[in-house]
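The values are calculated or read from the model by the stated rules, or taken from the named source; none is laboratory data. Being a predicted model, the structure only gives us computed values, none of them experimental. Backbone-built Cβ (ideal geometry, glycine too); neighbour counts: all protein chains shown.
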């Protein structure tokens, strides 16, 4: 019985923490005020500072930002607030 318990504990310890985490979520934001080639850098950096954000892709031509985040740590409102505070108001695409 002890060997079985040790084996079970070892197996559980080996599980990646990712398996226990909530699935990532992605949203696309419509971003205003992006008028030059450097604007996407500011938008990206503002979004990357939001806790729980794991990836950001800004499309200057479409004026969008696609953000992947952990819904346990961040919400879309925090993302739009981050871009707005950086001077680029945004809304979640429907």
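Looking only at residues in segment 14-39 that are within 13 Å of the chain's Cα centre (by Cα) and not in a strand (DSSP E or B), the one that is modelled with the highest pLDDT is 24. Among the residues making up segment 40-94, those that are touching a residue at least 40 places away in the same chain (Cβ under 8 Å), assigned to a loop (DSSP other than H, G, I, E, B) and within 14 Å of residue 24 (Cα to Cα) are 70, 71, 72.
For segment 50-67, a residue qualifies if it is within 11 Å of the chain's Cα centre (by Cα), surrounded by fewer than 15 Cβ atoms within 10 Å (Cβ to Cβ) and under 21 Å from residue 39 (Cβ atoms), and the qualifying residues are 55, 57.
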